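J.: My structure is below; once you've seen it, I'll send some questions.
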Amino acid sequence: EAAVTQSPRSKVAVTGGKVTLSCHQTNNHDYMYWYRQDTGHGLRLIHYSYVADSTEKGDIPDGYKASRPSQENFSLILELASLSQTAVYFCASSDAGYAEQFFGPGTRLTVL
Amino acid sequence: GDSVTQTEGPVTVSESESLIINCTYSATSIAYPNLFWYVRYPGEGLQLLLKVITAGQKGSSRGFEATYNKETTSFHLQKASVQESDSAVYYCALGDSNYQLIWGSGTKLIIKP
């Protein structure tokens with residue numbers, strides 16, 4: 001069965017530190033996405049990618065970088081973590097921009 | 001820009017009663033956006049519940065229904081008789097002109113036994 005996995009599932013980071021969130025999909029999908037969700041809000045798109053070695057900015061890219069080294073893997077990098085980046089982060093994949101997205105279980109990031 | 005507004009939760013419904021979760025949208029970038037309902041059950045990831053890509057059509061899944069109403073820009077989620085297993089968080093979303101999803105804030109549904 002197709003799957004999207006994320007690691008770690010939760011993380012506590014210090015302000016100013018570097019954080020890397022990883023996502024792996026076995027769906028053979030071209031598109032991958034990183035979202036963040038804050039309590040009481042919907043998902044907001046940070047970065048996405050439609051092909052390996054290329055990433056695109058979403059609605060809220062500031063403070064985040066993304067890397068897509070292969071079709072299966074998509075990472076989100078916080079070079080200098082800040083308190084405002086405390087949130088739950090979701091990765092998703094789809095086989096086309098307009099198609100159903102399949103989500104990972106989420107990573108709860110707390111920046112102290 | 002495009003936006004989605006849905007019923008603020010939590011919504012509490014007794015088992016076997018009917019349910020409606022409202023969703024209205026504003027689509028400025030695209031005339032006929034694709035509309036979606038996603039659900040997150042406790043301990044699980046987000047998953048697609050239903051989608052409708054044609055105005056006037058109805059989508060259904062697991063006893064839930066939603067009709068794409070272009071005139072009222074609405075896509076309300078309904079179920080005639082809820083079960084305890086329906087307890088979850090429900091998200092309405094639209095696909096914009098860039099095929100990105102614009103999300104509502106989610107509605108937590110609590111079913112009383």
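J.: Pop out a list of residues from region B:84-113 that are at least 40 Å² less accessible with all the protein chains around than in their chain alone; 1.4 Å probe, no ligands or nucleic acids counted.
T.: Listed in order, they are B:TYR99, B:GLN100, B:LEU101, B:TRP103, B:SER105.
J.: Still on this structure, I have one more. Quick check for you: with a 1.4 Å probe and neighbouring chains kept, what is the accessible area per residue of the protein assembly as shown, in Å²?
T.: 47
J.: Under 29 Å between alpha carbons, and skipping anything fewer than 8 positions from B:LYS108 in its own chain: which lysines qualify?
T.: Answer for B:LYS108, where 29 Å is the Cα cut-off: A:LYS11, B:LYS51, B:LYS58, B:LYS70, B:LYS79, listed by chain and number.
J.: In sequence order, what are the phi-derived ³J(HN,Hα) couplings for region A:42-59 according to the Karplus relation 6.51 cos²θ - 1.76 cosθ + 1.60 with θ = phi - 60°, rounded to whole Hz, with x for glycine and proline?
T.: x, 7, 10, 7, 9, 9, 8, 8, 10, 7, 4, 6, 9, 9, 10, 7, x, 7
J.: Here is a follow-up. Could you check how much of the accessible area of chain A is carbon and sulfur, as a whole percent, using a 1.4 Å probe?
T.: 50
J.: If you roll a 1.4 angstrom probe over the protein chains with everything in place, what fraction of the accessible area of region B:15-113 belongs to carbon and sulfur, to the nearest %? Walk me through the intermediate numbers first.
T.: Working: 2060 of 4510 Å².
Of the solvent-accessible surface of region B:15-113, carbon and sulfur hold 46 percent.
J.: Still on this structure, I have one more. For the interface of chains A and B, what total accessible area is buried with a 1.4 Å probe, rounded to the nearest 100 Å²?
T.: 1400
J.: Just read off the accessible area of A:ARG9 with the full protein assembly in place, 1.4 Å probe, to the nearest 10 Å².
T.: Surface accessible to solvent at A:ARG9 totals approximately 140 Å².
J.: Past the 16 angstrom mark, what percentage of all C-alpha to C-alpha distances in region A:22-112 do you count?
T.: 49
J.: Over all pairs of distinct alpha carbons, what does the Kirkwood formula give as the hydrodynamic radius of the protein assembly as shown, in Å?
T.: 18.0 Å is the Kirkwood radius here.
J.: Leaving out ligands, DNA and RNA but keeping every protein chain, what accessible area does B:HIS76 have, in Å² rounded to the nearest 10, with a 1.4 Å probe?
T.: Near enough 50 Å² of accessible area.
J.: Here's another thing I want to ask about it. Over the alpha-carbon set of chain B, work out the extent along each principal axis and list the three values in angstrom, largest first.
T.: Rounded to whole Å, the extents work out to 43, 26, 20 Å.
J.: Threshold 50 Å², probe 1.4 Å: give the residues of region A:87-112, in number order, that are less accessible with all protein chains present than with their chain alone.
T.: Residues losing area: A:TYR98, A:GLU100, A:PHE103.
J.: Using the Cα centre as the reference, give the magnitude of the dipole from point charges on the C-beta atoms of the protein assembly as shown (Lys, Arg: +1; Asp, Glu: -1; all else neutral), rounded to the nearest 20 debye.
T.: 380
The values are calculated or read from the model by the stated rules, or taken from the named source; none is laboratory data. Bear in mind that the values here come from a model prediction, so they are computed numbers and not experimental data. Cβ coordinates were reconstructed from backbone atoms using ideal geometry, including for glycine residues, and neighbour counts include every protein chain displayed. For accessibility, only protein heavy atoms count, side chains too; no ligands or nucleic acids. Shrake-Rupley method; radii C 1.70, N 1.55, O 1.52, S 1.80 Å.
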